[in-house]
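Below you'll find the structure, written out as structure tokens, and then a few comments.
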Amino acid sequence: PAIKPGAAALTENEARLLDEAGFVEDPVAFAQAAADIVAHTALLINTAYTGPEVAVLLGINESRVRQRRLARTLWAIESDGNWVYPAIQFEINIKTGQPDRQIRGLERVFQALPVGLHPTAVAGLLRTPQIELQVDGRPLSVLDWLRSGGSVEPVLELVEIADWAST
């Protein structure tokens, strides 16, 4: 979904030019994209942690989890009236195989993202290799960049550019 819906709208002339060039609407492609978004969102929700689980894994109380959700330093998705916390934002402890902390720097990234951004857009940003985040000439995803010790500043610049590009 567009961050700024007006940015996605075409004028009548733009639509005509695209139609004339062969870029016509494809209802099947739209249906496939919608199905993909639903599937990706379901995966994020079904693998997420509940508030009480996050409290235990971070060693804080549930009230603090709610405060961090409201401050947008923990990423949460509303599902059936409850808040769940996508697993991809947490670091897995190699010894226990269980998450034990949030990936360093993500709290600042989440605060920089536009409010109401679709969960699949957030996950896409976090998981997609970015040319601006390279180690040994290889682009890394935001998650891999931060896990490898990369500074959060280039990630915040990416978020700023992405928001600017959608205006």
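Here are some notes:
- Total charge dipole magnitude, the chain, about the Cα centre, Cβ charges on Lys, Arg, Asp, Glu only, Debye to nearest 20: 940 debye
- In plain terms, the chain from ALA15 to ILE131 could stretch by 38.6 nm, reckoned as 0.36 nm per residue minus the Cα-Cα distance.
- Selection from LEU140, THR128, THR73, by position along the positive dipole direction of the chain (Cβ): THR73
- The amide H of LEU140, built 1.01 Å from its N in the peptide plane, has GLN130, LEU133, GLN134, VAL135 as neighbours under 5 Å, considering only residues 5 or more places off or on other chains.
- Electrostatic dipole magnitude of the stretch 35-76 [Cβ: Lys, Arg +1; Asp, Glu -1; Cα centre; debye, to 20]: 280 debye
- Once divided by 2.2 N^0.38 Å, the Cα radius of gyration of the chain becomes 1.20.
- Residues considered: ALA15, ALA48, ALA123. Largest GNM mean-square fluctuation over the chain, using C-alpha springs under 10 Å, is found at ALA15.
- In order through the stretch 132-138: 3J(HN,Hα) via Karplus (6.51 cos²θ - 1.76 cosθ + 1.60), integer Hz, x for Gly, Pro: 6, 10, 10, 10, 6, x, 10
- Whole-Hz Karplus values for the stretch 77-94 come out as 10, 7, 9, 6, x, 10, 9, 10, 10, x, 5, 5, 8, 10, 7, 8, 6, 4 Hz, taken residue by residue from phi with 6.51 cos²θ - 1.76 cosθ + 1.60 and θ = phi - 60°; glycine and proline positions read x.
- Charge dipole of the chain about the Cα centre (unit charges at C-beta), most positive-ward option of ALA48, LEU117, VAL155: ALA48
- The solvent-accessible area of ASP80, taken with every protein chain present and a 1.4 Å probe, is close to 150 Å².
- For the stretch 99-167, the carbon plus sulfur part of the accessible surface works out to 53%, probe radius 1.4 Å.
- Probe 1.4 Å, protein heavy atoms only - accessible area per residue of the chain in square angstrom: 63 Å²
- Computed lengthening from ILE92 to SER63, 0.36 nm per intervening residue step minus Cα-Cα distance: 8.1 nm
- For the stretch 48-96, the carbon plus sulfur part of the accessible surface works out to 51%, probe radius 1.4 Å.
- Across every direction, the projection of the convex hull enclosing the Cα atoms of the stretch 1-84 has a mean area of 7.9 nm².
- Residue-level accessible surface for PHE30, protein heavy atoms, 1.4 Å, Å²: 150 Å²
The values are calculated or read from the model by the stated rules, or taken from the named source; none is laboratory data. Just so it is clear, the model here is predicted, and its values are computed rather than measured. With ideal geometry, Cβ positions are generated from the backbone for all residues, glycine too; neighbour counts draw on all protein chains shown. Ligands, DNA and RNA are stripped out before the accessible areas are found, and what is left, the full protein with its side chains, is counted by its heavy atoms. Shrake-Rupley method; radii C 1.70, N 1.55, O 1.52, S 1.80 Å.
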